[in-house]
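Asker: One structure is given below, represented as structure tokens, and several questions about it will come after.
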Amino acid sequence: MNIQKMKQNRILMTVLQGFLLLVILSTLFSVCISLLMTGVRADLKDLNEKIASQQITVTEGDEQKAIEGLEALNAATEALEGYNDNSETQRILAVIMYAAFALLFLLKASITRDHWRLNRFRYGFGALLFAACAVIFVFTDSAKAYLPVTLLHVTTLIADHVFSIIRNHKARNLIPRVLSILTLLFVVVCAFSLGGSTALLYLLLLTVPRIFYYIAQIAFSRIKMDVLRKIVRKTYAAEILFGMLMLIIAFSIVLPQLDPGIPSFADALWYCFAIVTTIGFGDFAAATLPGRVISVVLGLYGIIVVALITSIIVNFYNETKDSGEADEPDGTEETETAKH
């Protein structure tokens, strides 16, 4: 009975996490678009001031130019009013987003089964700071909230990386965490030099991969991620895939120089990806002999590498998973829900 209740609770918590992640993802992109519009509004304001200053000098010499300048000024003013109307919507979306962040971290703090004693404090601290971000947007004008919210958001992410470093000192975990912290500190510099809205936009864009990572965790919740990571290390799959990525980039640099049917590096990158994955969209095609030779080489390489890595990882995973389940009593399988 207890095992059945645990399964039901786990399903409920997974559904709640998925719902919160969808709310965060939708509001995050909406807030990013709104912040972009804020930048456009600032540009329109500068244009408004320039037109107003030019009108004074033009009125004396050319009446027609003065009229045109006045019409442009009125149009810019109307556009500014339209963007100002969106500020309240932006604030509401930001409140919903940060409240969902706080609830997500609070949920992680409550359901984590990890025995590390600081883990609950780690997520509880993040939930508290994200809740503070939502409160700031509730009681403060959006323009004044950008800077403090950016600093609180950065503090939350840096603290999360620091907790991860405290828990795992290995170079494989330490190096990416330190690089992430340096990136976040750069966002803080942007907050003071470029403005709070620009820094918050950069920060939210950096947050997008983490949201997709959380969604992937739910999608692969039945897979033992620790086992999969060990298999990737043992089979050198990461190194092989990195080598294939380097080969794709190299061919993408060469192809536009040799084949007119693939005009740019971005098109070549897309073309090489379609070949390696055997998707074959057909929107680009090699027209010259060197381009076709490169396509054949890359296609054969991709088929061999992807097939080998897939089969090796699946076989290793099944063997490790079966042996692990044979040693585990029923109802004890539980993995950490929020590993970074």
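Bear in mind that the values in this text are calculations on the coordinates, not laboratory data. All figures in this text were calculated on a predicted structure; none of them were measured in a lab. Neighbour counts run over all protein chains shown; Cβ positions are idealised from the backbone, glycine included.
Asker: Rank by packing, highest mean first: peptides 188-194, 94-100, with packing defined as the count of other Cβ atoms within 10 Å averaged across residues.
Answerer: Peptide ranking by packing, descending: 94-100, 188-194.
Asker: I need the chymotrypsin sites (Phe, Trp or Tyr not before Pro) found in the range 106-180, filtered to DSSP loop residues with at most 16 other beta carbons within 10 Å of theirs.
Answerer: Listed in order of number, the matching sites are Trp116.
Asker: Can you tell me how much longer the chain between Leu36 and Ser110 gets when fully stretched, taken as 0.36 nm per residue apart minus their C-alpha distance, in nm with one decimal?
Answerer: Result: 23.1 nm gained on full extension.
Asker: Which length gain, in nm to one decimal place, applies between Phe121 and Asn318 when the Cα-Cα distance is subtracted from 0.36 nm times their residue separation?
Answerer: Value of the extension gain: 67.4 nm.
Asker: Under a point spin-label approximation (7 Å from Cα along Cα-to-Cβ), what is the Glu239-Glu88 distance to one decimal in nm?
Answerer: Computed distance between label sites Glu239 and Glu88 equals 6.1 nm.
Asker: Need one number: nm distance between label points at Val293 and Val189, each 7 Å from Cα along Cα→Cβ, rounded to one decimal.
Answerer: 4.6 nm
Asker: Taking 0.36 nm per residue of sequence separation and subtracting the Cα-Cα distance, how much length would be gained by fully extending the chain between Ile218 and Asn173, in nm to one decimal?
Answerer: Length gained between Ile218 and Asn173: 14.0 nm.
Asker: How large is the charge dipole for the range 229-327, taken about the Cα centre, if only the Cβ atoms of Lys, Arg (+1) and Asp, Glu (-1) carry charge, to the nearest 20 debye?
Answerer: Result for the range 229-327 is approximately 180 debye, rounded to the nearest 20.
Asker: Given a Förster radius of 25 Å and the C-beta distance between Ser26 and Asp141 as r, what FRET efficiency does 1/(1 + (r/R0)^6) yield to the nearest 0.05?
Answerer: 0.60
Asker: Using the Karplus curve 6.51 cos²θ - 1.76 cosθ + 1.60 with θ = phi - 60°, work out ³J(HN,Hα) for each residue of the range 258-264 in order, rounded to whole Hz, and write x for Gly and Pro.
Answerer: Along the range 258-264, the couplings run 9, 10, x, x, 10, x, 9 Hz.
Asker: Let me ask something additional. If R₀ is 25 angstrom, what is the calculated FRET efficiency for the pair Ala250 and Thr310, using the beta carbon separation as r and rounding to 0.05?
Answerer: Taking R0 as 25 Å, the efficiency between Ala250 and Thr310 is 0.60.
Asker: Another question, then. Can you run phi through the Karplus equation (6.51, -1.76, 1.60; θ = phi - 60°) for the range 139-144 and list ³J(HN,Hα) in whole Hz, with x for Gly and Pro?
Answerer: Each residue of the range 139-144 in turn: 9, 10, 4, 4, 4, 7 Hz.
Asker: Still on this structure, please answer the following. Let a ≥ b ≥ c be the square roots of the eigenvalues of the Cα gyration tensor of the range 229-327; is it rounded (a/c under 1.5), or, if not, prolate (a/b larger than b/c) or oblate?
Answerer: The shape class here is prolate.
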